[in-house]
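The values are calculated or read from the model by the stated rules, or taken from the named source; none is laboratory data. No experiment lies behind these values; they were computed from the predicted model shown. Heads up, the Cβs are rebuilt from the backbone with ideal geometry, glycines too, and the neighbour counts pull from every protein chain shown. To get the accessible areas, we keep the full protein, side chains included, count just its heavy atoms, and leave off ligands, DNA and RNA. Shrake-Rupley method; radii C 1.70, N 1.55, O 1.52, S 1.80 Å.
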Amino acid sequence: PSPRRSPPPSPRPSPRPLNVRTVKGTLSTTVDIVDGVEQLVVRTNGSELVPVDMGTFKALAPSDYKPGDYISMECNMMSSGVCYPTSYRTYSCSAYGLCSWSSGGSPYGDYLDTYPGFPPSFDLSQPNPLANYKERLLVMVLDYSTCGYPAAAGLNESSTRDIFLNFDIRIRLCSNGVFGLDQDALRVLVVRPNCSASITTSCAWWTMANDANTAAKSILGDDDVFNNFTHYAYILPPGLETKCLWARGGMSLLPGKQFWLQTTMLGSVNRWEVFLHMNLHNYGLWHSWENGTEFADGSTAMGGGVACPNAAESSRLGWTTPVLNGEAINSASLLPGAVVTYTVASARISGDGSFLRVMPDWLPNYYEDPNEFFLLNTAAARNLYIEFRAAGYYPEALGEAYAPKINVYEVNAIMDNGYLHYVPPIGNWALEYSYTDRKIQIISKIPTSSRAVLSSYNLVVYGGALTGQDKVKVHLCRYITNNGECPASPQ
């Protein structure tokens, strides 16, 4: 007789749930743990972080979520504090400001009954939400001395406050004075939360934050005092750097209010560009690319440079403004073979008139159907940001590859055109892509007094001579078939 066939292997059982719970809050993604690997976390109304098991979540075949959505998730909760979801619904807004739940039942279900303040209201009154904004930051230095991971020597409340005040000086320079830390509100606490194996063996960053928050509330004596801060930083003991292998010296939530910094890895707690990088993830900035490599753009702290944000980033933050008539350069303003001249200032002067934004709608792949009333971009469509980066401006340390140069960046046009724009008299409009990744990539670094052909965009960019204090003439010409349609020189 034929041998009996072995039974198929049993599927690996899921961890036994500690309890079943409905988790409600804002959906964020973690950044700088591992590039290209998505890890979601829910920030509840009570400031608790609940990470989501991504294998279980992906098994639900999710398609209708994005960072910044409000979410109601049914969870099998594990002792680690991780949610293994069985179902979820999101509340999100379209590019036309229409907001709704993702599925099921009445528009709001029972969400309003158990979670006051939902559905959320959006402030549509200010065109630049980060302009003239002062962040109220609470810094928590984590001390796990009881389990062999003490805080770094010399990193006390006074010395740490001095570090962050120095950061503030640099932030204000990068933002042209419109963004920084609220120095009166800035507070540093050395906290001594309970040790746990999940922290010391597997870097449970959510447990670090949740336990540190509890310890900080105990010191402050009032939850309202804790909740009055807008952002929270956690500084790890140096001994945990072998457990938390964050290549960039920290990690952050996007969007969110929290970020973590290593003490000595890359000297991150003493490096203003690492602080800026992690902090700006909270506000929706992703990494900047170069040559198809993430985090390779040396012209910005968001790409590994010792530098302020580039034009595609600073404009979204409200730190810079476009050149007059240079915010939406398209086929109507740039006729074939004609040269159009703009004067572009370095963003380090004041931020005003410091970039051009090109919408190359002359390309066949820019709109799905140019005859439709609603012009929808294709997935391949890109917008361009063009800026002049001058050398020698403190606190930047730009290499000669990036300054003095006319730098060109490409971004996803669907997300760029669908972002929050100011439309008088309506106010801010379009919320759908507030926190999605436009994949900013630097594609050209053009010396002054030179001609560069951007063949993917049928565009010629001429770098003119410097005029005045770090201002430069930038000339643009588009062509139909080949760049010979544009003159060799703009004059």
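Report the charge-dipole magnitude of the chain in Debye, nearest 20, computed about the Cα centre from +1 at each Lys and Arg Cβ and -1 at each Asp and Glu Cβ.
That gives the chain a dipole magnitude of about 800 debye.
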Would you give the gap between the C-alpha center of segment 149-180 and the C-alpha center of segment 228-291, rounded to a whole Å?
13 Å
Where does the chain land at 222 nm, in deg cm²/dmol rounded to the nearest 500, when only DSSP H runs of n ≥ 4 count, each adding -39500 (n - 2.57), divided by all residues?
-4500 deg cm²/dmol
For the chain, averaging the sequence separation of alpha carbon pairs under 8 Å that lie six or more residues apart and dividing by its residue count, the contact order in percent is 12 percent
His231 accessible area, 1.4 Å probe, all protein chains in place, Å² to nearest 10
10 Å²
So the angle from the long Cα axis of helix 157-174 to the longest Cα principal axis of the chain, reported in degrees to the nearest 10, equals 30 degrees
For percent of Cα pairs over 40 Å apart, the choices are (i) 27; (ii) 18; (iii) 23; which was calculated from the structure?
(i)
Protein accessible area in the chain, 1.4 Å probe - carbon and sulfur %:
52 percent
Straight-distance crosslink candidates among lysines, where the alpha carbon sits under 19 Å from Lys66 and sequence neighbours closer than 8 are dropped:
Lys24, Lys58, Lys257, Lys439
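Arranged from highest to lowest average of other beta-carbon atoms within 10 Å per residue, in what order do the peptides 401-408, 21-28 appear?
Result, highest mean Cβ count within 10 Å first: 401-408, 21-28.
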Give the angle, between 0 and 90 degrees and rounded to the nearest 10, that separates the Cα long axis of helix 272-282 from the longest principal axis of the Cα atoms of the chain.
80 degrees
Which angle from 0 to 90°, rounded to the nearest 10, does the C-alpha axis of helix 205-220 make with the longest principal axis of the chain?
80 degrees
Residues of type aspartates and glutamates that Lys445 reaches as a straight line, Cα spacing below 12 Å, ignoring anything fewer than 8 places off in the same chain
Glu290, Asp297, Glu387, Glu400
